[in-house]
Amino acid sequence: MSAGGPAASAGIRAGDVVIAVDGRPVGQPEELVVAIRTKQPGQVLRLTYRRGTSVLTAEVVLGSRTG
């Protein structure tokens, strides 16, 4: 996660664990990467994540990566 990136802007912090993307469970980090790569910059992902004992959701607007 990058400081000031889309996840940080949506309130997701270092240490939070994403458990679902758009309602689909994510069990491995690779599954999260695949889910993100199927979307285009500007699209919105609804992430469900665990912070400590709480389960939260956030909408993340995907940015683009250059380089």
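The values are calculated or read from the model by the stated rules, or taken from the named source; none is laboratory data. The shown structure was predicted, so the numbers you read here are calculated from the model rather than taken from an experiment. All Cβ positions, even for glycine, are placed from backbone atoms using ideal geometry, and neighbour counts span all protein chains on display.
Values computed for the structure shown
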read-out	value
Complete set of residues in the range 12-39 that are in a loop (DSSP other than H, G, I, E, B), surrounded by 11 or more Cβ atoms within 10 Å (Cβ to Cβ) and either among the charged types (D, E, K, R) or touching a Cys at 6+ places or on another chain (Cβ under 6 Å) (or both)	D16, D22, K39
Residue check, T66 modelled with pLDDT under 90, of a type outside the set (D, E) and exposed (fewer than 11 other Cβ atoms within 10 Å of the Cβ)	yes
Number of positions in the range 27-55 that are free of Cβ contacts under 8 Å to residues at least 12 places away in the same chain and under 12 Å from the mean Cα position of the chain (by Cα)	5
Residue match in the range 40-61 (condition: surrounded by 14 or more Cβ atoms within 10 Å (Cβ to Cβ) and modelled with pLDDT under 90)	no
